[in-house]
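Engineer: The structure's right below; bear with me while I get my questions together.
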Amino acid sequence: MSVKTVSVGDRLISCASYLTAGWAGLIFCVIFYFRKKHLSRFLRFNVFQSIFISLLYFVLAMGLGLICELLSKVPFINVAVSFVYFLLSRPIILDYSIVQVLVLGLVVYMSLFSLLGKYPRVYWISKIIDNAAA
């Protein structure tokens with residue numbers, strides 16, 4: 001089994017894509033398109049995954065925010081919603097909430113693995129990206 005080496009440029013662009021929520025990768029995709037160059041499979045996978053995870057995070061945050069806002073208007077349920085919101089947004093580690101720690105951990109994991117030239121696997125999201133990037 002031969003292992004292809006990943007170029008340093010692809011590693012840096014992939015890492016930057018995760019750190020900028022997909023923007024750096026999107027910009028490089030546009031640049032490569034106009035220069036009529038093809039993205040490597042590694043770079044395409046990481047750029048697509050970073051963009052997909054960023055969009056997924058945005059949609060989940062907006063959707064949960066809307067649901068919490070609607071449920072906070074309902075009597076008796078508003079107490080439970082407020083309690084859950086308090087628990088999730090309460091600072092636990094260096095003034096970061098549990099959600100912020102999890103998101104930061106995911107970004108660090110994906111950035112480091114892409115910088116090392118490995119594919120950062122994120123449960124079912126990577127399977128979707130494998131099918132889309134192929």
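Engineer: Please report, as a whole percent, how much of the solvent-accessible surface of the range 1-132 comes from carbon and sulfur atoms (probe radius 1.4 Å).
Structural biologist: 74
Engineer: Once you compute Rg and the Kirkwood Rh from C-alpha atoms, what is the Rg to Rh ratio for the range 92-134?
Structural biologist: Values: Rg = 13.0 Å, Rh = 11.8 Å.
With Rg and the Kirkwood Rh in hand, the quotient comes to 1.11.
Engineer: Could you size up the charge dipole of the range 66-133 around its Cα centre, putting +1 on the beta carbon of Lys and Arg and -1 on that of Asp and Glu, and report it in debye to the nearest 20?
Structural biologist: The calculation lands at about 140 debye.
Engineer: So if I place +1 on the C-beta of Lys and Arg and -1 on the C-beta of Asp and Glu, and nothing else carries charge, what would the dipole magnitude of the chain be about its Cα centre? I want it in debye, nearest 20.
Structural biologist: That gives the chain a dipole magnitude of about 600 debye.
Engineer: Can you tell me the orientation of helix 98-115 relative to the chain, as the angle in degrees between its alpha-carbon axis and the longest Cα principal axis, to the nearest 10?
Structural biologist: It is inclined by approximately 0 degrees.
Engineer: Cα to Cα, under 27 Å, and not fewer than 8 places away if on the same chain: which lysines meet these conditions relative to Lys127?
Structural biologist: Lys4, Lys37, Lys118
Engineer: Which whole-Hz couplings ³J(HN,Hα) result when phi for each residue of the range 18-25 is put into the Karplus expression 6.51 cos²θ - 1.76 cosθ + 1.60, θ = phi - 60°, listed in order with x for Gly and Pro?
Structural biologist: 5, 6, 10, 6, x, 5, 4, x
Engineer: Counting only heavy atoms of protein chains, what accessible area per residue, in Å², does the chain have with a probe of 1.4 Å?
Structural biologist: 72
Engineer: Do me a favour and compute the ellipsoid semi-axes for the range 2-91 from its Cα gyration tensor, root of five times each eigenvalue, largest one first, whole Å. Before the final figure, lay out each step's value.
Structural biologist: Numbers: eigenvalues 337, 37, 18 Å².
Square roots of five times the eigenvalues give 41, 14, 9 Å.
Engineer: Expressed as an acute angle from 0 to 90° and rounded to the nearest 10, what is the orientation of the C-alpha long axis of helix 123-133 relative to the principal long axis of the chain?
Structural biologist: The helix 123-133 is inclined about 40 degrees to the chain.
The values are calculated or read from the model by the stated rules, or taken from the named source; none is laboratory data. Note that this is a predicted model, so its numbers are computed, not measured. Counting neighbours? That spans all protein chains shown, and the Cβs are built from the backbone with ideal geometry, glycine included. The area values use the complete protein model at the heavy-atom level, side chains included, leaving out ligands, DNA and RNA. Shrake-Rupley method; radii C 1.70, N 1.55, O 1.52, S 1.80 Å.
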